[in-house]
1. Any residue at all in the stretch 257-276 that is modelled with pLDDT of 95 or more, over 24 Å from His143 (Cα atoms), within 16 Å of the ligand (Cβ to nearest atom) and of a type outside the set (Phe, Trp, Tyr)?
2. Can you pull out every residue in the stretch 86-103 that is closer than 22 Å to Thr11 by Cα and not hydrophobic (A, V, I, L, M, F, W, C)?
3. Against the definition (open to solvent by 10 Å² or more (accessible area, probe 1.4 Å), at pLDDT below 95 and either assigned by TED's automatic domain parsing to the domain that holds Thr282 or of a type in the set (D, E, K, R) (or both)), how does Lys190 come out, yes or no?
4. Of the residues Lys221, Lys187, Lys214, which is assigned to a helix (DSSP H, G or I), in contact (Cβ under 8 Å) with a residue 24 or more places away in the chain and more than 17 Å from Thr155 (Cα to Cα)?
5. Check whether at least one residue in the stretch 137-154 is part of a strand (DSSP E or B), crowded, with 24+ Cβ neighbours inside 10 Å and within 15 Å of the ligand (Cβ to nearest atom), and report yes or no.
6. I'd like the full set of residues that are modelled with pLDDT under 95 and open to solvent by 80 Å² or more (accessible area, probe 1.4 Å), limited to the stretch 158-177.
7. How many residues does the stretch 79-105 contain that are within 25 Å of Glu211 (Cβ to Cβ), touching a residue at least 40 places away in the same chain (Cβ under 8 Å) and among the hydroxyl-bearing types (Ser, Thr, Tyr)?
Amino acid sequence: MGYKVAVVGATGNVGREMLDILAERAFPADEVVALASRRSQGQDVSFGDKILKVKALDTYDFSDTDICLMSAGGEASKEWSPRIGSQGCVVIDNSSAFRYDSDVPLIVPEVNADAITGFTKKNIIANPNCSTAQLVVALKPLHEAATIKRVVVSTYQSVSGAGKDAMDELFNQTRSVFTAGEVKVEKFSKRIAFNVIPHIDVFMEDGYTKEEWKMVAETKKMLDPKIKLTATAVRVPVFIGHSESVNVEFERPLSPEQATEILRAAPGVLVVDKREPGGYITPHEAAGEDATYISRIREDATVENGLAFWCVSDNLRKGAALNAVQIAEVLINRKLLNKAKQAA
Ligand SMILES: NC(=O)c1ccc[n+]([C@@H]2O[C@H](COP(=O)([O-])OP(=O)(O)OC[C@H]3O[C@@H](n4cnc5c(N)ncnc54)[C@H](OP(=O)(O)O)[C@@H]3O)[C@@H](O)[C@H]2O)c1
């Protein structure tokens, strides 16, 4: 038997990617429904070789839908996810609205798939922030091998992480720079074309941004609350693909060679690490791919048991849509969907 799947936010960056990934992976769906706001009602979106007509979220009845892949932002999720869950449809939510709720599992299947069983409390499962998802895929096997004490991470995050309007802003600003037109700053706080901005999401009292705080809170929730992590999140003029410079301090020694071997065997990871020009992965190559790529693995000799590496992934895929579809696959493979109906 196939399932009925709704994609909310189907006209957005993540929603479109979700439809592509459901089709690519031949997800066992009998029916896929594309939903967005009333603004997009009747619009066409592609799903494999089919075209779906977008329906409005606020008039859709979820009672016979099994899985809802939600990527319509935090406010829409806060309003809709609990209602959808109460109808027995499991919501896999891409926003940050429920990630820190102790009754909602936060899942990256390669990292903590077993934690999924807690979803029946609300019939909601949270997908992590894009920059955290790729980071924990890389950290998990290293943590198992040598126990991580502290992580220092600096991110280089593409504009697609801020939605489709942000991609348009980079495109339009870049064109304006070349044509000597007016460079309009709307979505970002400063010009993003030919620039980098050390500010993603709102500022918090301690001087960190919410994006940086999310990486701390989500790594602790999914991997280990004892891990100390400090992050600097930076927006860069790249369309797709987040990069991260990561320094890790372990409790026990772990050589670059051992780390390479462990990462090569880890699920979801591809190591590309030749110590020569071009022997590493950049976001340009990671865009459209599923893997979390690791390059530049080396000793960080400034601490005892330290390693440094470079980590790149497609933020719309592993950082959002792919991870959500993988969570749906875990629900199906572990035969957990009937529990959602019982819990409703
Ligand atoms: N981009 C990433 O790398 C990434 C990674 C992880 C998580 N996320 C999260 O995923 C979510 C979507 O991100 P995105 O990049 O896809 O944004 P986006 O490109 O701006 O798309 C937003 C989508 O949400 C829909 N939407 C907005 N308000 C709605 C409402 N009230 N009811 C129904 N649909 C509504 C929009 O529909 P209309 O076209 O009709 O307005 C559109 O389909 C956000 O919560 C974001 O934080 C994004």
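1. Taking every residue of the stretch 257-276 in turn, none turns out to be modelled with pLDDT of 95 or more, over 24 Å from His143 (Cα atoms), within 16 Å of the ligand (Cβ to nearest atom) and of a type outside the set (Phe, Trp, Tyr).
2. Selection gives Asp93, Asn94, Ser95, Ser96.
3. Answer is no for this residue.
4. Answer to the check: Lys221.
5. no
6. Selection gives Lys164 alone.
7. 3
Results for (1) open to solvent by less than 20 Å² (accessible area, probe 1.4 Å); (2) farther than 30 Å from Ser86 by Cβ; (3) part of a helix (DSSP H, G or I), shown as yes or no for each residue.
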residue	(1), (2), (3)
Gly278	no, yes, no
Glu285	no, yes, yes
Arg298	no, yes, no
Glu304	no, yes, no
Ala321	yes, no, yes
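The values are calculated or read from the model by the stated rules, or taken from the named source; none is laboratory data. Because the structure is a prediction, the values reported are computed rather than measured. Here the Cβ is made from the backbone with ideal geometry for all residues, glycine too, and neighbour counts use every protein chain on show. Protein only, heavy atoms only, side chains kept; ligands, DNA and RNA dropped before computing areas. Shrake-Rupley method; radii C 1.70, N 1.55, O 1.52, S 1.80 Å.
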